[in-house]
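Trainee: Mind having a look at this structure? Questions to follow.
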Ligand SMILES: *Cc1c(COP(=O)(O)O)cnc(C)c1O
């Protein structure tokens, strides 16, 4: 099914039309070079698993910033919409408008700073802005028109949010007449860790948040929808009873790091695979260097192959000691990863042909390479690995 070029019944070479894409009247084969496959059935399973962990009346705010961590925010949000999720969060006003232009309904919360020059867009596109501190609340209020907001409280991460200790300034935010306050939230900075001092710090953050909320309520302010947890908060702090949770990485069916233990277990299905093609096969001799900087030198006669993907596609350059899967067999990456190409060792794999599909992330036969494993090799988290995949990768959505 996944042939480079299909041969139809009459023996004519044909591209699989289902994988073609037309841009400005030019038809491209989307699996020609490098692509990601996104399994929407798995996404639906992950939504189900997540829902089963949450209290009945707790809403999911799907975090689809950065093009849904590069996977495709429009497709993602449509599937989420169809599966009962009507709250979305993005980082920027541009991301939010893109969703509206594609007819995404429901609340769209912007986590980040929006420049006052763009405040009119918040109203025109019915967006919900985060109030990042009291100074910003004054700016929004002075715009003179009603703007929907969630108020962010900084309970200890010291990123965005008004400091939870500044109760007076926080009250003043809730007094702004032009703010339609629909929610209040905070963000936990070590909810992934089950280290006892990290648990204590997280508990302090949670207490700080409720201290602010109780104070506001006692003075008659309505905090709106409250939310504290993101993916790890959901798994490690399940006793928090909030109106909503903000979930990103779990929807992708992966953890941020390999072998992490969490209080709640969740059954996840990774949605992402990354694939490319074998484009050249050659033999080299003992002593021959491979790639930039001659960082690999053959210790024997070898068969090597170049595959059509590189660091501009988001394959981290420091994955150079990683491997890929070719025809169900693992093949080491050799030499420095290039911008558009990677060189691999296929000496031990005998049936490799030009055009064969190479799996960089995902399963092929009995072999599997996980996002967590690659992230660990590159000393990062899966969130970064996935979000930094390049625009040049084609997106193939599978629903089977
Ligand atoms: C990105 C982000 C999230 C989502 O985090 P995940 O770990 O991917 O679930 C939640 N809340 C805020 C404020 C964020 O910036």
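What follows draws every value from the coordinates through simple rules; no lab data is involved. Values in this document were obtained by computation on a predicted structure and should not be read as measured data. In this analysis, Cβ positions are derived from the backbone assuming ideal geometry, glycine residues included, and neighbour counts consider all displayed protein chains.
Trainee: Using alpha carbons only, how many degrees (0 to 90, rounded to 10) separate the axis of helix 40-53 from the longest principal axis of the chain?
Mentor: Its long axis makes an angle of about 40 degrees.
Trainee: If you don't mind, another one. Could you work out the helix-only [θ] at 222 nm for the chain, with each DSSP H run of four or more residues adding -39,500 (n - 2.57) and the total divided by the number of residues, to the nearest 500 deg cm²/dmol? List each step's numbers first, then the result.
Mentor: Values: 11 runs with 104 residues, N = 400.
Dividing the helical sum by the residues of the chain leaves -7500 deg cm²/dmol.
Trainee: Next question, about the same structure. Which residue, 196, 142, 231, tops the fluctuation ranking in a GNM of the chain built on C-alpha contacts under 10 Å?
Mentor: Per the Cα network of the chain with a 10 Å cutoff, 196 tops the list.
Trainee: Take every Cα pair under 8 Å in the range 143-296 that's 6+ residues apart, average their separations, divide by the length, and report that relative contact order as a whole percent. Don't jump to the answer; show the numbers that get you there.
Mentor: Working: 190 pairs, mean separation 26.9, N = 154.
Relative contact order comes out at 17 percent.
Trainee: Let me ask something else. Could you order the peptides 26-32, 161-167 from most to least packed, using the average number of other C-beta atoms within 10 Å per residue? Don't skip to the end; give the middle numbers.
Mentor: Details: 26-32: 14.7, 161-167: 18.3.
Ranked by mean Cβ neighbours within 10 Å, highest first: 161-167, 26-32.
Trainee: Test of understanding: in a Gaussian network model of the chain with alpha carbons linked when under 10 Å, which of 108, 304, 271 would top the mean-square fluctuation ranking?
Mentor: Looking only at 108, 304, 271, the largest GNM fluctuation is found for 304.
Trainee: Can you give me the relative contact order of the chain as a percent, contacts being Cα pairs under 8 Å and 6 or more apart?
Mentor: Working: 829 pairs, mean separation 72.0, N = 400.
Worked out over the chain, it gives 18 percent.
Trainee: How far is the Cα center of the range 356-400 from the Cα center of the range 214-265, in Å?
Mentor: 26 Å
Trainee: Using only Cα atoms, tell me the angle between helix 196-218 and the longest principal axis of the chain; keep it within 0 to 90° and round to the nearest 10.
Mentor: Helix 196-218 and the main axis of the chain meet at about 40 degrees.
Trainee: Then there's this: Tilt of helix 73-82 relative to the longest C-alpha principal axis of the chain, in degrees (0 to 90, nearest 10)?
Mentor: 70 degrees
Trainee: Oh, and also: With labels modelled as points extended 7 Å from the Cα through the Cβ direction, what inter-label distance (nm, one decimal) is found for residue 117 paired with residue 366?
Mentor: Here the answer is 5.9 nm between the modelled labels.
Trainee: Would you mind computing, in nm to one decimal, how far apart the modelled labels at residue 350 and residue 211 are, each placed 7 Å from Cα along Cα→Cβ?
Mentor: Placing both labels 7 Å along Cα→Cβ, they lie 7.0 nm apart.
Trainee: Here is a further query. Given a 10 angstrom Cα cut-off, can you work out which residue in 355, 314, 287 is the most mobile in a GNM of the chain?
Mentor: 287
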